[in-house]
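Student: Quick one: the structure is below, and I'll ask about it shortly.
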Amino acid sequence: MKIRGIPLRIHPSWFFVFLYFTLSARDQFETLLDGQASNWNGWLIGAFTSLLLFLSVLLHELAHSFVAIGEGLKVREITLFFLGGMANLEKECTTSKGSLKIAISGPIVSLLLAFSMILLSNTLFESSLIISNLFKQVGSLNLLIGLFNLLPIIPLDGGVILKSLIWHFTGSKKAGIKVAIASARFISILSIFIGFLILLRGNLYISFCFLIIGLFIFSSSKSQSQLIKIQNILSMFKVGQVCSRSYRVLEDDLPIKVLSKYNSLNKGGFSEEWFLLCRDGRWVGYVTEKILKNISIQNWDKKFLYDFSLPIDDLPSVGEKESLYKAIIKIENTKDARLLVLSVAGLPLGTLDRVDIGKAVLKKIGLNLPDQLIKVARKENIYPLGLNLSSIAKTMESSYVEEDQK
């Protein structure tokens, strides 16, 4: 279904949550009435409790979405999954105030629902014990959702709130993210420490919960830290520093037969090779090997490259001084995901593709890929190791400022 044009998706894990809370609420209901109610009524109350929880989480995410739309952002979809949900925005908000409003709207809705339901529960306590208990349970869960989301941990709402506040007062989004990551690491270490203390006292279950939460938060903060590192690399590195040279240079008066010896070398590649043409030391155009497919072999010696020359300007290109993240955006908008790199003087300097960028990023973070993995990535024309650099670059385009260079 769609809500104001926003697709709503439900992850399969949510159905396990639905079943769990249905069973839990049914057991509580039967205990409350000391087994005097019918089994059917127990299931009905349990399912209704789960449905209210579902609507509560949905309203939490809709709050994020509607405020984001008010800030001029597009919401791709809302997904409800195990223990929560996520509003997937097309891009991040470009202002600290807007980011703060989007982040804080969800917890506010959850807390308002919690206090409203708990108040309603107290009001109905004498007239309907069953309905009172139902609203009390869902209200308590909303209170838990609201407070948990306010923890200063990225990617929780509280982490985004902390990031936005630091961003607002310092003028630096990077500083906000760094503080939020440091906060998450502190909380993760504290959670693990508490877990070990509880373990020494013999409470294995609660200790296990604290340890798992601490490890999860630490892993999340590490991922965010790695993301910031990749963003810095894509921002600071220039195209000229990582480009390769996957084109060949030929004189334009050569017969097209010359292309046949290179054609066999390119079998299995993701795109046709570029052949840049020269005449008297000047660049005059380019051709690709596909011209061989349209001419009989008998005429390969009679036709010359200049007969099929195309302007070099037709090739998708990027300047050597361009930042890598901007180059990625250009690459993703091309057919073959490859760019001709031009020097400051506008002359061909090299080529750039996904593998060139992926290799440079991984090398900078201390990972040198074996040649076999590079060959596979180049053959399929993908970022090595499944790096999602395209998504990162799009985020940077909309909201990332190269603060270190200002």
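The values are calculated or read from the model by the stated rules, or taken from the named source; none is laboratory data. This structure is a prediction, so every number in the text was calculated from the model and none was measured. Here Cβ is always computed from backbone atoms with ideal geometry, including for glycine, and neighbour counts include all displayed protein chains. With ligands, DNA and RNA removed, areas are computed over all heavy atoms of the protein, side chains included. Shrake-Rupley method; radii C 1.70, N 1.55, O 1.52, S 1.80 Å.
Student: Looking at Phe216, Gly139, Ser105, which one has the Cα that reaches farthest to the positive end of the dipole of the chain (charges on Cβ: Lys, Arg +1; Asp, Glu -1)?
Tutor: My answer, from the dipole projection, is Phe216.
Student: Under a point-charge model restricted to the Cβ atoms of Lys and Arg (+1) and Asp and Glu (-1), what is the dipole moment magnitude of the range 240-401 relative to its Cα centre, in debye to the nearest 20?
Tutor: In total the dipole reaches around 440 debye.
Student: Report, by chain and number, residues whose modeled amide H sits under 5 Å from the one on Phe304, excluding near sequence neighbours (fewer than 5 apart, same chain).
Tutor: Under 5 Å from the amide H of Phe304: Ile256.
Student: May I ask you to work out the translational diffusion coefficient for the range 240-401 at 25 °C, viscosity 0.890 mPa s, via Stokes-Einstein with Rh from the Kirkwood sum over Cα pairs, reported in whole µm²/s?
Tutor: Translational diffusion coefficient: 144 µm²/s.
Student: Further question on the same structure: One-quarter of the Cα convex hull surface for the chain, in nm²?
Tutor: 28.6 nm²
Student: Turning to a different aspect of this structure: Which cross-chain or sequence-distant (5 or more) residues have an amide H under 5 Å from the amide H of Trp274, H modelled 1.01 Å from N in plane?
Tutor: It is Arg248, by chain and number.
Student: Ordering Tyr205, Tyr325, Tyr306 by how much accessible area each has at a 1.4 Å probe, largest first, what is the list?
Tutor: Tyr205, Tyr306, Tyr325
Student: Given +1 on the Cβ of Lys and Arg, -1 on the Cβ of Asp and Glu, and no further charges, what dipole in debye does the chain carry about its Cα centre, rounded to the nearest 20?
Tutor: Charge dipole, the chain, about its Cα centre: 700 debye, nearest 20.
Student: With all protein chains present and a 1.4 Å probe, how do Asp27, Asp157 order by accessible area, largest first?
Tutor: From most accessible down to least: Asp27, Asp157.
Student: Sticking with this one: Would you work out which of Leu62, Val361, Phe193 lies farthest towards the positive end of the dipole of the chain, given +1 charges on the beta-carbon of Lys and Arg and -1 on that of Asp and Glu, about the Cα centre?
Tutor: Farthest along the dipole direction, towards plus: Val361.
Student: Around Phe81, under 13 Å between beta carbons, what's the net of Lys plus Arg minus Asp minus Glu among the other residues?
Tutor: Once all neighbours under 13 Å are counted, the net charge is -1.
Student: Another question about this same structure. Could you tell me which of the pairs Lys174/Lys229; Lys178/Lys326; Lys330/Lys394; Lys238/Lys364 are separated by over 21 angstrom between their Cα atoms in the structure shown?
Tutor: Values: Lys174/Lys229 11 Å; Lys178/Lys326 23 Å; Lys330/Lys394 10 Å; Lys238/Lys364 13 Å.
Result: Lys178/Lys326 exceed 21 Å.
Student: Sticking with this one: Find the all-direction average of the projected area of the Cα convex hull for the range 94-161, expressing the result in square nanometres with one decimal place.
Tutor: Taking a quarter of the hull surface, the average projection is 4.5 nm².
Student: Add +1 for every Lys or Arg and -1 for every Asp or Glu among the other residues with Cβ under 9 Å from the Cβ of Cys93, and state the total.
Tutor: Every neighbour counted, the sum reads +1.
Student: Sticking with this structure for a sec: With 15 Å as the cut-off, how large is the P(r) tail for the range 161-236, expressed as percent of Cα-Cα pairs? Intermediate values should be presented prior to the final figure.
Tutor: Values: 1745 of 2850 pairs.
Summing the P(r) tail past 15 Å for the range 161-236 gives 61 percent.
Student: Pop out the ³J(HN,Hα) list for the range 172-188 in order, Karplus 6.51 cos²θ - 1.76 cosθ + 1.60 with θ = phi - 60°, rounded to Hz; leave Gly and Pro as x.
Tutor: Using θ = phi - 60°, the values come out as 10, 5, 4, 4, x, 5, 5, 5, 5, 5, 4, 5, 5, 5, 4, 5, 5 Hz.
Student: Using a cut-off of 10 Å between beta-carbons, work out the net charge of the residues near Glu71 (Lys and Arg +1, Asp and Glu -1, Glu71 not included).
Tutor: +2
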